[in-house]
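The values are calculated or read from the model by the stated rules, or taken from the named source; none is laboratory data. What you see is a predicted model; the values in this text were computed from it and never measured. Cβ coordinates were reconstructed from backbone atoms using ideal geometry, including for glycine residues, and neighbour counts include every protein chain displayed.
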Amino acid sequence: MIERWAWWSVRRVATWGCGGELSSRTEYTATAFSKPLTMIFRAIYRPTRQVETLAQVSSYFTQEVRYRSEIEPTFERYVYGPLLRGVLRVANGMKVLQAGSLHAYLAYVLVLGVLLLVWLGGTK
Amino acid sequence: MTPIISEIGRAFGFALLQAAGLLAVAPLLKTTIKKMKARLQNRQGPPLMQGYYDLAKLLRKEPVRSDVASWVFVAGPRVYFAAAVSATTLVPVLIDAAPLEMAGGILLLVGTLALGRFMLATAALDTGSAFGGMGASRDMTIAALAEPALMLGLFTSALAAGSLNLGSLVRTTLQGGVTFHPSDFLAFAGLFIIVIAETGRIPVDNPATHLELTMIHEAMILEYAGPDLALVEWASAVKELLYLTLLVDLFVPAGIATSLAPLAIVVALLAWAGKVLVLAMAVTVTESTNAKLRLFRVPELVSISLGLAFLALAIRFL
Amino acid sequence: MAISDLLILCAAGMLVTAYLMVGQKALVTAVRLYGFQSLLLGIVAATIAISQPRRELFVTAAITVALKAVLIPWFLTRLIDRIGIRREIEPFLNVPTSLLVCLGLTVVGYRVSTGFQEGALGVAHHLIGVALSMLLIGLFLMVTRKKAITQILALLTVENAVFLVAVGITPGMPLVVELGIAFDVILAVLVLGILVHRIVDRFESMDVSRLSKLKG
Amino acid sequence: MNLLVWTLAVPLATAAIGALNGPRKFKEAVMIGGLAITFVLCIATTRQFLGGAIPAAFGEALRVDGLSALVVVLSGFVGLLSGTYAVGYLRRNEARNLVTPRMRREIHGLLPAYVFATLLVSMTNNLGIMWIAVELTTLASVFLITFHDRDTSLEAAWKFLVLGSLGLGFALLGIVLLFAAGEEHLGEGLSALNWTRFMQVAPSLHPFTLRLGVVFALIGYGTKAGLAPMHTWKPDAYREAPSPAGVLMAVGMLNGALYCVLRIHLISNAALGPAFSGDLLLTLGLLSVFIATPFILVQWNLKRLLAYSSIEHVGIMAVGIGLGGEAGAFGALLHMTYHSLAKPVAFFSAGTLAQLHSSSNFDRIGTGTVSRAPIASGLLVLATLMITGSPPFGLFFSEMVILKAGFGSQHVTATTLFLAALIVLFCGFVFQIGRLVLGPPRDPKDRRVPKAEQFDLSMATVIVAAILASISAFYLPASLLALIHAATQVVWGTA
């Protein structure tokens, strides 16, 4: 109901930028958007910052300022990494089960046979 | 087959009725809080009908939209409004059964409200202005903090009543008689803080100001004008009313009607209005006595609420 | 001497041959022990055929003696002569310990056999006990011995144990099935023999523990 | 003559003709024709069964009920697939003179013989004949394993035969003890060992002897099926056997051995109730799945990877049967059907890849095979998705049914571990095949240039098999579904 009535007379105006010209520099980028969250959850994200100022003549006349910030891939490093390494270590450990010797394979069957017989003997 | 269709028809009828009712009352709540705040500062405050005048004015005005904005900008307020209204149908107000309670319980409620919030934040980013970006970013940060605490608070009371469905939750608390378990106070305090955060009241966000550095909710809707703005204002008013009703249902459901008898409905209406008014007073008092917290102090506030909710959970089950 | 004493004597004899096989180093003697064991099995079958009205057991007894007491030992000895390796190299477990393990296995076998209800001749308990122990000892022999021929012998001991049960307590397996099984056992031994030939041609030794390239 | 007798006679005749030497074209035609007729006869048998008449021959010695009909049709299908694939496989090998006419004759003789044995296993009602048939498959497999006559194939064959014979020794002891438990109730003559006779007489079987017999029989046939801890021969055997033979062993023999395990399980159910052998099968099944997981994660050879995958699938079926209940039995049989459809595609595509790179080791094949052999790699990826039970394909549904049965029963912890193992298996399998197929292409200076992939009969078979397997996920022919339900009736209901 509101939609139908207001549709035909929409006025298109430039976005309000406090009077100053709006450019891509004044826009909120993804880093800016997520800045508060990374600051609040510092312990997990562990943000790192690097600022380099390049100046040939003297440090007062800077040519270029490079800013570089990263957040640490905590989950990959502290959750998935160790989990994967642990599973693969166990898997490699288990490889010894199939180490080629026929005698070991027969021993498995012997152990199983004896265990089952002892268990069966029990349940008269 | 026909009984089911009529059953659903009846439920939707009630849902529309309840939504319309809450929509009508919402602006009144907003202006009463403004008036009470003014009273505390011994000012006259706006007339009670001011909420409706604003809405009417905005609806008549010509919508102004930024030339860079896409369809998201238009969709934002509408989805926000739709989410708020549909959320109201899940909460029992006058009768001890929510109209669409078979559709879902607490999870659906929180989810719908979150959908509205998300859509508004995306629309705010769409205009490309610094204000929209800042507002959306801060709103999302607070949401990231407040929602877990909200869920925990709601689950604590849901666990006590043994079901996520708000209707049956109210019914069980009613049958249980008016027993005040100590954990109720803690859960209530925790949830009250979250309601303040979610509706953007003073300690977390200042609804009355357009000061760039302090506004969060206002920053997101800065670009809107005319009907779009009306939709957003109305929706946030309904949301606030919904939160207060939720608090009432979870902790003090006494007086709610258990049958459709007109007398019981009237009694329920008075009880509900009174309780919501009391809560509104509490909100006004907290707004007037507290200063706005810096954004990075809000986590501490929310952690208090989380602590309270955990404590309530622990007390109830240990 | 009552029939059941003879049966128990033969069964005990078979168990003793199994023990001797475990303690045996020379291959040829092990094969002869296996031959003797099959002979005892034939005698058991024959005595049961006499004492009970189960005539078809005579046929089984004849087959057992003919095949397992004569044919297979001859085939294996010819195999050993052709390959020329006569002595079993040092097994995994030295003889005294393996005998102790065999004792343990016999205890397990007998403990299980006590669960059997008294057979028609009151002999079932002993036959089952001997059979299970022989089975476990045969399996143990396969686990500890490295020579391919000894593994075949161990397999045949297991096979003999099963046949002892088949003959001993059951009221007579259908003859066709027994023939089929005997035929299959012979086939298996034949194929094992062919494999031993090819292994010896390829690896110049019958040491099965050398066959361990396939890992992981 | 009786339909069953024909179904057995045709593969036997094909094997006999195959063993003689003759012109290549004629021999290939005989093999494919023979196996095709066998498959048609299998379908006819199942149709006759579904029509209500229980086909039987030799006085109930051969009897096809729901369960055997399903296994018969699956064995026939797999036999036909491996026969047609073998033709292309041999032609390619012969072109690279790896295969002498004598070896070709061996395959032409042994494949149909193998199909005959698996059909005999699934048709026979007599436990004794079933044992003999399983023994025949063992002997046939030995020569198939030593086909390439490498050092390792001798080793694999020896291990296969020693473990196989030991398993069969146990199985024989199991059958003898089962027979002993029946004593005078079972009657005389060949029919005394009939499975139906055992089922009628089940309550009066002597419990202790029966329990001992069931345990030995399950260990014995478990060895042939590849249940852990008796599975150790399987990876070596599948790596050495040529891929058409590998498929017959991986699917035909697996279904046959599981068929025997099921028959013994049913006797024990009828006499002692589902708990005894159900729990044993559940433990062996879970053990197989847990043992297969690490080896799939750190596998170094493509065919061994598939071998461990079939150990895992046997484990899953055993878990399904062990859990019991309508859902468990139906899940296991559905799993067997979909497994028989999906596994050949995996074996064939893996076999083609291995053949093109003349080795099935991952490092010899190198990664990024999609650039070198697109069709085979694509099919391998499709097969991997099917085997690991990813959603759209059939194995996903059967695993879901089994999990439902698991969580429904009181083995909840076991089922959760089982689910965890399935997930790890999925990750391992997809990782391995993903790296192999989609990894970085081999460095150009690697001198071993793999053969170009040409489209021939065996490639066509793989594609047809892949299409059938994918269709089966969405649409199972009504008669096949009815067959699975009939089989479930046998395994769980009132057979």
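Taking the criterion of being more than 18 Å from the chain's Cα centre (by Cα), among the β-branched types (Val, Ile, Thr) and within 14 Å of B:Ser305 (Cβ to Cβ), the only residue of the stretch B:155-195 that qualifies is B:Thr156.
Under the condition of being more than 14 Å from every other protein chain (Cβ to nearest Cβ), more than 30 Å from D:Gly182 (Cα to Cα) and either acidic (Asp, Glu) or outside any helix (DSSP H, G or I) (or both), the residues counted in the stretch D:264-311 number 0.
Here D:Glu312 does not qualify as charged (D, E, K, R) and farther than 30 Å from C:Lys213 by Cα. Flag: C:Val16 does not match the condition of being under 24 Å from C:Leu187 (Cα atoms) and among the β-branched types (Val, Ile, Thr).
Residues are listed down the side, and each one gets a yes or a no for (1) in a helix (DSSP H, G or I); (2) surrounded by 24 or more Cβ atoms within 10 Å (Cβ to Cβ); (3) in contact with a strand residue (DSSP E or B) (Cβ under 6 Å, 6 or more places away or on another chain); (4) modelled with pLDDT of 90 or more:
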residue	(1), (2), (3), (4)
D:Gly322	yes, yes, no, yes
D:Glu326	yes, no, no, no
D:Ala332	yes, yes, no, yes
D:Thr337	yes, yes, no, yes
D:Ser340	yes, yes, no, yes
D:Val345	yes, yes, no, yes
D:Ser349	yes, yes, no, yes
D:Ser359	no, no, no, no
D:Arg364	yes, no, no, no
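If the requirement is being buried (at least 20 other Cβ atoms within 10 Å of the Cβ), at the interface with chain D (Cβ under 9 Å from one of its Cβ atoms), within 30 Å of C:Ser51 (Cα to Cα) and touching a Leu at 6+ places or on another chain (Cβ under 9 Å), which of these qualifies: C:Ile181, C:Ile152? Among C:Ile181, C:Ile152, only C:Ile181 is buried (at least 20 other Cβ atoms within 10 Å of the Cβ), at the interface with chain D (Cβ under 9 Å from one of its Cβ atoms), within 30 Å of C:Ser51 (Cα to Cα) and touching a Leu at 6+ places or on another chain (Cβ under 9 Å). Taken over the stretch D:391-414, the criterion of being part of a helix (DSSP H, G or I) and under 14 Å from D:Ala327 (Cα atoms) is satisfied by D:Phe397, D:Ser398, D:Glu399, D:Met400, D:Val401, D:Ile402, D:Leu403, D:Lys404, D:Ala405, D:Gly406, D:Phe407, D:Gly408. Among all residues of the stretch D:125-136, there is at least one that is of a type outside the set (A, V, I, L, M, F, W, C), more than 8 Å from chain C (Cβ to nearest Cβ) and outside any helix (DSSP H, G or I). Counted as qualifying within the stretch A:9-103 are the helices (runs of 4 or more DSSP H) with 3 or more residues that are surrounded by fewer than 11 Cβ atoms within 10 Å (Cβ to Cβ), namely A:81-94. Among the residues of the stretch B:102-142, what is the count of those that are in a helix (DSSP H, G or I), of a type in the set (Gly, Ala, Ser) and within 14 Å of chain A (Cβ to nearest Cβ)? Result for the stretch B:102-142: 9. Might you check whether a residue that is over 30 Å from A:Lys95 (Cβ atoms), within 9 Å of chain D (Cβ to nearest Cβ) and touching a Gly at 6+ places or on another chain (Cβ under 9 Å) occurs anywhere in the stretch C:206-214? Within the stretch C:206-214, none of the residues are over 30 Å from A:Lys95 (Cβ atoms), within 9 Å of chain D (Cβ to nearest Cβ) and touching a Gly at 6+ places or on another chain (Cβ under 9 Å).
Tell me which helices (runs of 4 or more DSSP H) are completely within the stretch C:9-90 and hold 1 or more residues being in contact (Cβ under 8 Å) with a residue 12 or more places away in the chain, touching a Cys at 6+ places or on another chain (Cβ under 6 Å) and crowded, with 17+ Cβ neighbours inside 10 Å, or say none if there are none.
C:27-51
Counting only helices (runs of 4 or more DSSP H) that sit completely within the stretch D:146-251, those holding 3 or more residues that are within 12 Å of chain A (Cβ to nearest Cβ) correspond to D:151-182, D:207-225, D:233-240.
Do the conditions hold for A:Gly81, that is, is it within 14 Å of chain C (Cβ to nearest Cβ), out of contact with any strand residue (DSSP E or B) (no Cβ under 9 Å at 6 or more places or on another chain) and of a type outside the set (A, V, I, L, M)? Reasoning before the result, please.
On the way: within 14 Å of chain C (Cβ to nearest Cβ): no; out of contact with any strand residue (DSSP E or B) (no Cβ under 9 Å at 6 or more places or on another chain): yes; of a type outside the set (A, V, I, L, M): yes.
Considered against the rule, which asks whether it is within 14 Å of chain C (Cβ to nearest Cβ), out of contact with any strand residue (DSSP E or B) (no Cβ under 9 Å at 6 or more places or on another chain) and of a type outside the set (A, V, I, L, M), A:Gly81 comes out as no.
If you go through the stretch B:198-226 and keep only what is within 14 Å of another protein chain (Cβ to nearest Cβ), assigned to a helix (DSSP H, G or I) and surrounded by fewer than 24 Cβ atoms within 10 Å (Cβ to Cβ), you end up with just B:Glu218.
Checked against (1) at the interface with chain D (Cβ under 8 Å from one of its Cβ atoms); (2) more than 25 Å from D:Phe147 (Cβ to Cβ); (3) crowded, with 24+ Cβ neighbours inside 10 Å; (4) at pLDDT below 85, C:Gly168 passes all but condition (1). If you filter the stretch B:125-175 down to residues that are in contact with a helix residue (DSSP H, G or I) (Cβ under 9 Å, 6 or more places away or on another chain) and free of Cβ contacts under 8 Å to residues at least 12 places away in the same chain, you find that the one that is surrounded by the most Cβ atoms within 10 Å (Cβ to Cβ) is B:Ser137.
Out of all the residues in the stretch B:32-71, which are within 14 Å of chain A (Cβ to nearest Cβ), in a helix (DSSP H, G or I) and of a type in the set (A, V, I, L, M)?
Residues satisfying the conditions are B:Leu55, B:Ala56, B:Leu58, B:Leu59.
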